[in-house]
Amino acid sequence: MSTVTTYRPAALAELRDALVDSARAGERLAIAGGGSAAAWGGAPRYDAVLDTTAMSGLIAYNPTDMTVAVQAGMPFAALQETLAGNGQWVALDPARAGTVGGLVATADAGPVRHAFGTSRDCVIGVTVVLADGTVARSGGHVIKNVAGYDLAKVFHGSLGTLGVLAEVVLRLHPRPAATATLAVPCDAAAAFDLGGRLVHGSLEPVAVEWCDGTLLARFDGTAGGVEDRGRRAMALAGAGAEWLPGDDHRAGARWSAVADLVRGADGDTVVRLGAAPDRAPSLAALVDREARAHAVDAALTSSPFAGAHTVRLRGATAAAHAAVVIALRTEFPATTVCRWADGLHDELPAWGEPPPAVAVLRAVKRAFDPDDRLGSGRFAPWF
Amino acid sequence: MVLTPGGSGSFDAHHPPRRELLDDCVHCGFCLPSCPTYAVDGEEMDSPRGRIYLMDLAERGEIPLDRTIAGHIDSCLGCLACVTACPSGVQYDLLLEATRPQLERHVPRTRRERLVRRAIFAVFPYPARMRAAALFGVLYRRLGLRALAHRLGIVARLPAELRAAEDLLPPVPVRSLFRRPAPLVPAAGERRLRVAMLEGCAQRVLFGDVNAATARVLAAEGCEVVVPQGQRCCGALNLHAGLEDDAAARARRLIDTFEQAEADVVVVNVAGCGSSMKEYDRLLADDPAYADRAARFAASVRDVNELLAELEPRAPRHPVQAKVAYHDACHLANAQRIRTQPRDLLRAVPGIEVTDIPEADICCGSAGIYNLVQPATAEELGRRKAANIESAAPDVIATANAGCLLQVRRFLTADIPLVHPIEILDASIRGVPLEKARR
Amino acid sequence: MSWSAELAEALGRENVITDPARLRTYECDGLTGYRVQPAMVVLPRSAEQVAAAVRVCAGHGVPFVARGAGTGLSGGALPVADGIVISLQRLRRVVEVDPVNLRAVVEPGVTNLDISKAAAPYGLYYAPDPSSQQVCTIGGNVAENSGGAHCLKYGFTVNHVLAAEVVLADGTVTTLGGDSAQVPGYDLLGAFIGSEGTLGIVTKVTVRLLAKPAAVRTMVADFATVAGAGDAVTGIIAAGIVPAAVEMLDNLAIQAVAASTESVYTPDTVAALVVELDGPPDDVAEQFDEVQEICRQHGSTKIMLARDADHRALIWKGRKAAFAAVGRISPNYFVQDGVVPRGRLAEVLGRIAAMADDAGVRVANVFHAGDGNLHPLVLYSEAEGQHDRAERLSTQIAELCVELGGSLSGEHGIGADKACSMPRMFGEDDLATMLRLRTAFDPDGLCNPGKVFPTPRLCGERPGPYRPHPLEEAGVIERL
């Protein structure tokens, strides 16, 4: 087996050269950041790897403007650490320890997506390098900006198939003065109901997550404000509810459980899917039913109001996993397989029913990467 | 197209829309949602911004005065909601009043339009003819002719304009067709003001009860009410239709009649009449014999709601239990900017709850003779208004304009009494139930 | 059959306009400096009719421009002479309000404010609130990615739209986005929003609704200097407070507002900040006190707190009508829209004042201070021959924003107005890459051509008698 070439540029110019060189060599590239999402979607066919992790520098950070520009290979956790020193953060809490560019390319997010959305809602500018070496910039360094097309959006969820993210500018939020978590053991239907009352009651949780039998709601704000909302949330939640102030180990452990579930472990299958909020209970029921039918150990974590859900399948055979995923896809076509159990690729096409605008997806791919050099096969069988 | 020497573009020299007024419009579009015709069909030319654009083009001589522009100016209800909505202070009312006579002079109307308009202007401004028409209407109903005409499909075959007229006739008792207030109603208690009251044309025939109630309420509040005898039409219908000369002639005559009453204030209970009487100064500004008198007269005109709001209440109010939907007449709310006074007067009556109506600022489609000359649009607006009013589920609907009363009644599907707000005050002051007060 | 006959047949004669005088009322939007009479206007009554009209255009290579309320300030709905305008003003249905799923489905001609009105009975509202919200339509908001006074905290149209049914340039109908943000593949919806009508026509929009905040507090803080007000904004943000809105008006703008409506602003203050906080009551109360303290520390001369909802409405009414109200104090004016990094607010305002002095015209400032989005209003008199100077100044201000690390436009869009300035902000490769996206959606360039991207024809010439373009005079561009 021939060794695979690896490009590891450390600067924008080197990245451009890497793409030009690989184009000349006719190589297909797999773009890799931290590697935590290497398995998402289909398995790409590639002749060389483009590793972005050497592009990990901070380009510009002016806390007054509440924006930061970084090279896309910067580990997201390192960025958050830098920002924390100024009482700021990027309002994203993904489970994976990936790079900033990887977050954008995977359209990832964590429980605070309930209030802050996904990486698409934090990115205000990008510099990308296309397969032919074209370096293009869109957006900028200001939060509010409608000049030109927002290329960051098409790269959002692109899984390394359109070009390479070189630089990313993000908008920041202040870290809250206080935070607390409401934890209520309940089933999915009760969780959706209680979550709805928290939302409609204008208690403004920043996260509402139902994870494996417990509703978790996080509240950020001033010390007095969080305390007041705690009282009201506890009253709504009734018996059995716990109020966990601060970010300490008790609350931290609850949220870590969500991240653990989303990450999965070797041998697991992890599926991310989207659904309208009121379908959360029926999704939970479906997961239960299918898991029992196929003797798979299944766990679910849901951000019901953001319509984002992650199912982790453990144990049993690849065929059993495949059966569950197919059942999920049938009901919820907006499904991405993020972790594949061994042998699952043989049982299951990478993607289910394509979205209605698949023709446009194909056209965009053709326009940006006409020779299909980047992440080839990642979106097979769609394109 | 013949350009009149000295005119502005396609307009002739006699008071064309003024350039500086046209320039006030910055094309922001804030007027669009307030415009009833735009609400109906969403066409730019049938919005205030579009109409001003057409006037502007004509003023520059870039488009002729023809049936196209005339159609879009005709379609305007003149409700002036756009004037209220405009943040730039565009005086659309002046632009419209300047444009309509120009179109009347330069764009020949079709035979049908001429006939309809001739018929309207031959009847409405003349109480006697109006009464005859109404009497016919009453008999037409009583004798079952209306039902027959509908059954035989005759009505369906009538031209739209006639069909509208047929449908607008209210069920009025014959006796009220002839009811007139006394020529002089003395003030109760100490006299605060001497007021001269306009009877109106259609008003005195179809809404004699409202006139009677107006005189009673004013008297109860210490006003000596004179009803100048021999008063004729104020010319509002002519003015709003662009028939400037006719309107001016009527204005002169009304001023002559009312000056003799030597009143402190001229009081009006029809929004459309009041708004044009307040404009007499502008209408007669070029007439040296009348300019000053018209200015004095215009300054003395008050809507009855406006006048009562200025007077500290004297007569005690008895409770009237009702949820009232108050419908803003455009010529009161937009042309005279009287919005809070009628509501406040109603709220001062114990037991009255005044409720809001969705899309309150959109015209009901009555607009002077509009519902007779533009029946299709008027019908759509009337239905919309009636549905919005009914959605508020009121016990009573109050509106201070004869045209609105007729129009809204025509499209109501529920059996909700429609009154002039003064009738509620009258009932309250007299301490009798509303339905009894109206008999 | 000619394309015009095909359109008339496909949509019905009552839904097409061909008369020249009528067509002229569609020749410009909210930006009247650019006017082009279209060959035809169509007013479809359904999404199917929109698609039918686009199919006829695609079949004959006829360019088309979608139009909402025509309130845009960058000429985004400027017609094309040989093309048609597709007015969406007859698609005005609120299809569904779904309080359980916190969303509403509306047709593109529904006004921004009407969405919130429809949601109000459920305690919900639609967050983006452009100043023209009572008239501008959601279709136009999607095209322009409209923001508004409250986007500092709540974001823009793109953050509040979940899905859109769109008619593509070939007349096919598709859906972008979905039930949630978790749609696999490229974020086509995100790219479509803010593309200024160049990627397709939206015929149905699913928007997110938010629960109304439990508490809202609003204040107006007067300042003796614009710089003082700017520093106060920086102080508020540095304190970790995210206000729902921070707006600034300078004295000229306040004068205009006072001339137009019942003004609650201090007539002679140099600058006024409107700060609004919303959210849970205790959080808001605590931070509201802090904001007042910060304003005082930065030399605020007077702080007025909104007494109640009516009083707050008056504060906002003045602010939101400010653009149009400037018509009361100046016969003509340009509305500019640019963004600078927040930290450079004081600097940019000083430079604008100096540039205005040089040009001999007045500039009123009313803007979203919280996110550095400026709206300088360049006042001038056409009659006194100040047009060209004023236009040049206006363009220079936008380009100054770019020079200071900001953007040509924060919310009004590039449209026809600023297409020629785009090379100031973006390089050739940037623009070429954006055009690749356009090609993917609209290979023949029929959909709102001449907008966003500079073209030799647009940037070299103007209709009517020859006038050198300001950029040409400035030596920035040459005639091709």
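A few comments on the model shown:
- Checked against the criterion of being more than 14 Å from chain C (Cβ to nearest Cβ), assigned to a helix (DSSP H, G or I) and either surrounded by fewer than 22 Cβ atoms within 10 Å (Cβ to Cβ) or out of contact with any strand residue (DSSP E or B) (no Cβ under 9 Å at 6 or more places or on another chain) (or both), the candidates A:GLU27, A:GLU81 yield just one match: A:GLU81.
- Count of residues meeting criterion [under 24 Å from B:ASN371 (Cβ atoms) and either among the small types (Gly, Ala, Ser) or open to solvent by 20 Å² or more (accessible area, probe 1.4 Å) (or both)] in region B:84-97: 4
- Number of residues in region A:188-198 that are within 11 Å of another protein chain (Cβ to nearest Cβ) and surrounded by fewer than 22 Cβ atoms within 10 Å (Cβ to Cβ): the value is 3.
- Every residue from region C:267-278 that is open to solvent by 30 Å² or more (accessible area, probe 1.4 Å) and either polar (S, T, N, Q) or touching a strand residue (DSSP E or B) at 6+ places or on another chain (Cβ under 8 Å) (or both): C:VAL270
- Listed conditions (1) surrounded by fewer than 24 Cβ atoms within 10 Å (Cβ to Cβ); (2) more than 9 Å from chain C (Cβ to nearest Cβ) are all met by A:THR222, apart from (2).
- Residue list for region C:423-461, restricted to those being in a helix (DSSP H, G or I), of a type outside the set (Lys, Arg) and either surrounded by fewer than 18 Cβ atoms within 10 Å (Cβ to Cβ) or more than 7 Å from every other protein chain (Cβ to nearest Cβ) (or both): C:PRO423, C:GLU428, C:ASP429, C:LEU431, C:ALA432, C:LEU435, C:THR439, C:PRO456, C:LEU458, C:CYS459, C:GLY460
- Test for C:LEU305: is it more than 9 Å from every other protein chain (Cβ to nearest Cβ), touching a residue at least 12 places away in the same chain (Cβ under 8 Å) and under 24 Å from the mean Cα position of the chain (by Cα): no
- In region B:137-162, the residues that are touching a residue at least 12 places away in the same chain (Cβ under 8 Å) form Cβ pairs under 8 Å with partners that are surrounded by fewer than 14 Cβ atoms within 10 Å (Cβ to Cβ) and not in a helix (DSSP H, G or I), at six or more places apart or across chains, as follows: B:VAL138/B:PRO171; B:VAL138/B:PRO173; B:ARG141/B:PRO171.
- When the helices (runs of 4 or more DSSP H) confined to region A:92-187 are screened for residues that are more than 8 Å from chain C (Cβ to nearest Cβ) and touching a strand residue (DSSP E or B) at 6+ places or on another chain (Cβ under 8 Å), those reaching at least 3 such residues are found at A:100-106, A:113-116.
- Count of residues meeting criterion [more than 22 Å from A:ALA320 (Cα to Cα) and in contact (Cβ under 8 Å) with a residue 60 or more places away in the chain] in region A:275-294: 4
- Selection count, region A:188-213, where residues are at negative phi, in contact (Cβ under 8 Å) with a residue 12 or more places away in the chain and either assigned to a loop (DSSP other than H, G, I, E, B) or of a type in the set (Asp, Glu) (or both): 5
- Residue match in region B:179-197 (condition: in contact with a strand residue (DSSP E or B) (Cβ under 8 Å, 6 or more places away or on another chain) and over 20 Å from B:ASN269 (Cβ atoms)): yes
- Residues of region C:371-410 satisfying the condition of being in contact with a Ser or Thr (Cβ under 9 Å, 6 or more places away or on another chain) and without any contact (Cβ under 8 Å) to a residue 24 or more places away in the chain: none
- Hits in region C:275-292 - residues which are among the acidic types (Asp, Glu) and within 14 Å of another protein chain (Cβ to nearest Cβ): C:ASP278, C:ASP282, C:ASP283, C:GLU286, C:ASP289, C:GLU290
- Residues located in region B:214-232, provided they are open to solvent by 50 Å² or more (accessible area, probe 1.4 Å) and outside any helix (DSSP H, G or I): B:GLN229, B:GLY230, B:ARG232
- Applying the criterion of at least 3 residues that are farther than 28 Å from C:LYS212 by Cα to the strands (runs of 3 or more DSSP E) found wholly in region C:61-105 leaves C:64-67, C:84-87.
- Restricted to region C:24-50, and to residues there that are buried (at least 20 other Cβ atoms within 10 Å of the Cβ) and not in a loop (DSSP other than H, G, I, E, B), the residue that is nearest to the other protein chains (Cβ to nearest Cβ) is C:ARG24.
- A:VAL364 meets the conditions (1) open to solvent by 10 Å² or more (accessible area, probe 1.4 Å); (2) within 14 Å of chain C (Cβ to nearest Cβ) in every case but one. The failed one is (1).
- All of (1) outside the structural domain of A:PRO44 (by TED's automatic domain parsing); (2) outside any loop (DSSP other than H, G, I, E, B) hold for A:PRO333 with one exception: (2).
- Filtered residues of region C:328-381 (kept if in contact with a strand residue (DSSP E or B) (Cβ under 9 Å, 6 or more places away or on another chain), open to solvent by 10 Å² or more (accessible area, probe 1.4 Å), of a type in the set (A, V, I, L, M) and outside any loop (DSSP other than H, G, I, E, B)): C:VAL335, C:LEU349, C:ALA353, C:MET355, C:ALA359, C:VAL363
- For region A:329-349, taking the residues that are buried (at least 21 other Cβ atoms within 10 Å of the Cβ) and within 13 Å of another protein chain (Cβ to nearest Cβ), the one that is farthest from A:ASP132 (Cα to Cα) is identified as A:PHE332.
Condition check ((1) surrounded by fewer than 23 Cβ atoms within 10 Å (Cβ to Cβ); (2) in a strand (DSSP E or B); (3) away from every other protein chain (no Cβ under 14 Å)) across all residues:
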residue: A:VAL271; (1), (2), (3): no, yes, no
residue: A:ASP288; (1), (2), (3): yes, no, yes
residue: A:ARG292; (1), (2), (3): yes, no, yes
residue: A:THR301; (1), (2), (3): no, yes, no
residue: A:LEU313; (1), (2), (3): no, yes, yes
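- Considering region C:398-414, the residues that are part of a helix (DSSP H, G or I) and open to solvent by less than 20 Å² (accessible area, probe 1.4 Å) include one that is farthest from the other protein chains (Cβ to nearest Cβ), namely C:LEU400.
- Hey, A:ARG378 crowded, with 20+ Cβ neighbours inside 10 Å, closer than 23 Å to A:ARG28 by Cα and away from chain C (no Cβ under 14 Å) or not: no
- Conditions (1) in contact (Cβ under 8 Å) with a residue 60 or more places away in the chain; (2) in contact with a helix residue (DSSP H, G or I) (Cβ under 8 Å, 6 or more places away or on another chain); (3) not basic (Lys, Arg): number failed by A:ASP228: (1)
- Any chance B:PRO36 is farther than 20 Å from B:CYS364 by Cα, outside the structural domain of B:GLY382 (by TED's automatic domain parsing) and open to solvent by less than 10 Å² (accessible area, probe 1.4 Å): no
The values are calculated or read from the model by the stated rules, or taken from the named source; none is laboratory data. Just so it is clear, the model here is predicted, and its values are computed rather than measured. Cβ coordinates were reconstructed from backbone atoms using ideal geometry, including for glycine residues, and neighbour counts include every protein chain displayed. Ligands, DNA and RNA are excluded from the accessible area calculation, which covers all protein heavy atoms including side chains. Shrake-Rupley method; radii C 1.70, N 1.55, O 1.52, S 1.80 Å.
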